[in-house]
Every structure is written in structure tokens, then in C-alpha cells.
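Working notes, structure below.
Read-outs: derived from the displayed coordinates by stated rules, not from any lab. Quick caveat: nothing in here was measured; it's all calculated off a predicted structure. Counting neighbours? That spans all protein chains shown, and the Cβs are built from the backbone with ideal geometry, glycine included.
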Amino acid sequence: MNYAKSVSNGWIFYYRKKRILIMKEEYREENTTSSRIEGRHSVLEALRAGSLIERLFVQKGCQDGPVLTILREAKKADVMVDFVPKERLDFMSETKNHQGVVAVLSAFAYSTIDDMFALAEKKGETPISPFFFILDGIEDPHNLGAIIRTANLAGAHGVILPKRRAAGLTATVVKASAGAIHYTPVAKVTNIVSTIEQLKEKGMWFVCADMDGELMYRQNLTGPIGLVIGNEGKGVSRLVKEHCDFISSIPMKGDIDSLNASVAAGVLAYEIVRQRMNH
């Protein structure tokens, strides 16, 4: 047997096996924690009925009439669409007859920013000091759930998420929130920067977490405020950071230079709580 060919075939088998394992891990969240609708007719009717669809997966290359109709309805409903290989849909599918379309349903209904102001008013904390969390691209559902839990315990009136490139309200998020999701409004917005600007017009200030910022203890974080927490790896995006009023850093005394996103959110949130209590 040709040794080189044998080695080559071995590596091909190894990488194929590794790719399958990665795919299984990558799609485990979609397969085990969220309700799904499969098939063109079912997905189309769900869209037309106004079902809470978190994400729509469409097989790459599918551009026939029924799929184009589904895409039009998804656009009307402002549902995020991902075009993916057939293998991904095969992993996600329970019926194995997905017809190139799988919709993942939200595990929990979203609120609006008006709901957050209403909660602040109900607690007697408007118009002086609503307190919101704004999450700029948190992708890990466990982090999202933990942050929602922290937001509730810190007395925040809601959490704002972007519609794209971020975790949504899957069952994992609901579980990680330890019940806080039932008491904390969570809203999705199309554009974080635009939302910040609109909230500024209502008198809110914004602080984002960044290790190059000013030490959080030296900043006045009282009043109506939004706490911005960035992506786990990239941090707060440049545009969002530019629209924040304060850039706040957490003191680091160890050998590494960053905290987990949910931990950083907790540390900064409770500095805001401390200042609000003493104000």
C-alpha cells in the first residue's frame, strides 16, 4: 500500500470527523434548547401568523418560488435569516424533511423599550433615573442569561439586545437567568447606536466598559443611565463606544487583563447601584 496515500487518506478522515464534531457542538444549542418549525408550508404559515421566530435558516442555493415567498415574509417580520449548508439543516432537523427551511422559535416573548420606562415608572424611578443594560453583541447564551439575572438583582429596568450577531432568548438563556427573565423586560433593536441616540433625547447617559477607560470609582454614574457591555472577544464596538458619554474601566490587579462579560457587567452594575444608593 502506498504510504503517502495512506497518510493522506488518514488526514482526510481525521478532518472530516473533526468537522462533524465541530458542527454537532456548534448546532447543539439549536437542536436541544429551542423549538423549531420545519418545512416550507409550516414555516410560511408561522411567519404569516406572527409567531415569535428568533431565526430563520435557509439552505444555500434555494431560490425557488416558495422559498422566495418565505424570505419576503421574513423580511416583513424583521426576522434574521441565515443561509447555511444542507448539512447544518440536516443536523437541526428532527423530521429529516426540512425542505431547505428551518425556523427557530424564541423561547420567550420580547418586550419594548416603552415597557422598560413603564417598569421604572411603576417603581417610582422616573423621570429621574431609569437604568438599562445595553448588550453590544453578547453571543454566549449563558452569558446573556447571567447578565439578565444580574440586571434584575441590580434593579435595572430592562435589557436591550441587537437583532443581529447576538444571542437571543433561547431556552438556555431562560434557564441561565434563574427566573429573572420573568421580571426583566428584554427588547431587541435594529441598531444599538440609533437606540442610544434616541434614549439620550429622553435624558439618559451611557457608560461602556473598556479597560482603557477611566477608573469607574472616579466617574459620576448616577441619574438615568445605560450600561453598555460589549462582545465577549471584541468588546464594545467602535461606533457604540463613540456614542457613550463615559468609558469606564474596572481595576485589574491580577496577571490577566480581562473579565468574563457577565462578570464585568456585574461589577460595573453594582458600582452604579452603590452610587445610586448614596446619591
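A few remarks follow.
- Lone cysteines, the chain (no partner Cβ under 4.7 Å): C62
- Label-point gap, in nm, between R72 and E87 - each point 7 angstrom along Cα→Cβ: 3.4
- P(r) of segment 32-177 over all Cα-Cα pairs, binned every 10 Å from zero, in whole percent: 11, 36, 29, 17, 7, 1
- Listed pairs K122/K163; K163/K234; K175/K234; K75/K175; K75/K163 exceeding 21 Å between Cα atoms: K122/K163; K175/K234; K75/K175
- log10 of Debye I(q)/I(0), alpha-carbon scatterers only, for segment 28-105 at 0.16, 0.17, 0.18, 0.21 Å⁻¹: -0.48, -0.55, -0.62, -0.86
- Here the extension length gained between D245 and H41 equals 68.6 nm, from 0.36 nm per residue of separation less the Cα-Cα distance.
- Efficiency of FRET from Cβ geometry, D64 and N97, R₀ 25 Å, rounded to 0.05: 0.90
- Structure-derived Cα extents along the principal axes in Å - corresponding label in (1) 76, 53, 32; (2) 74, 48, 41; (3) 56, 42, 32: (1)
- Sorting the segments 154-164, 191-201, 170-180 by their residues' average number of neighbouring beta-carbon atoms within 10 angstrom, most packed first, yields 154-164, 170-180, 191-201.
- Over the chain: helical MRE at 222 nm, DSSP H runs n ≥ 4 each giving -39500 (n - 2.57), nearest 500: -13000 deg cm²/dmol
- Helix 261-278 and the longest principal axis of the Cα set of the chain meet at an angle near 20°.
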